[in-house]
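First up is the structure itself, then whatever we jot down about it.
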Amino acid sequence: MVKRIYQFEIERFINLFVIKELWYENMKNVTIDQDTCIACGMCESTCPQVFSVSGNPNSTIVPEFQEGEDDKGRVPEEIPCLDDAEENCPVDAIKVE
């Protein structure tokens, strides 16, 4: 059982790496200003593929797209809800470039 779980995690990591490399040319930089964020959950409800609020004092970027810190990341531009999350943030804490 443990071996199967370990194998699954390795395959998941490899798949995420391959996906990120394939989308590398079409990535957007995303930043969450932690001083401005009020953790209202609007970003997570708008774009749960990219943002998470649960268990954190402020919003974070999901681990798959984090770049070093949990408030910075590179996200494939093919994710359609990304720009909506930036527009819907009530305190303009999300920047997508």
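The values are calculated or read from the model by the stated rules, or taken from the named source; none is laboratory data. Because the structure is a prediction, the values reported are computed rather than measured. Glycine also receives a Cβ, built like all others from the backbone with ideal geometry; neighbour counts cover every protein chain displayed.
The combined condition, being in contact with a helix residue (DSSP H, G or I) (Cβ under 6 Å, 6 or more places away or on another chain), farther than 11 Å from LYS28 by Cβ and modelled with pLDDT of 95 or more, is not fulfilled by ALA93. Take the residues of segment 53-73 that are surrounded by 17 or more Cβ atoms within 10 Å (Cβ to Cβ) and outside any loop (DSSP other than H, G, I, E, B): which is modelled with the lowest pLDDT? Of everything passing the filter in segment 53-73, ASP70 is modelled with the lowest pLDDT.
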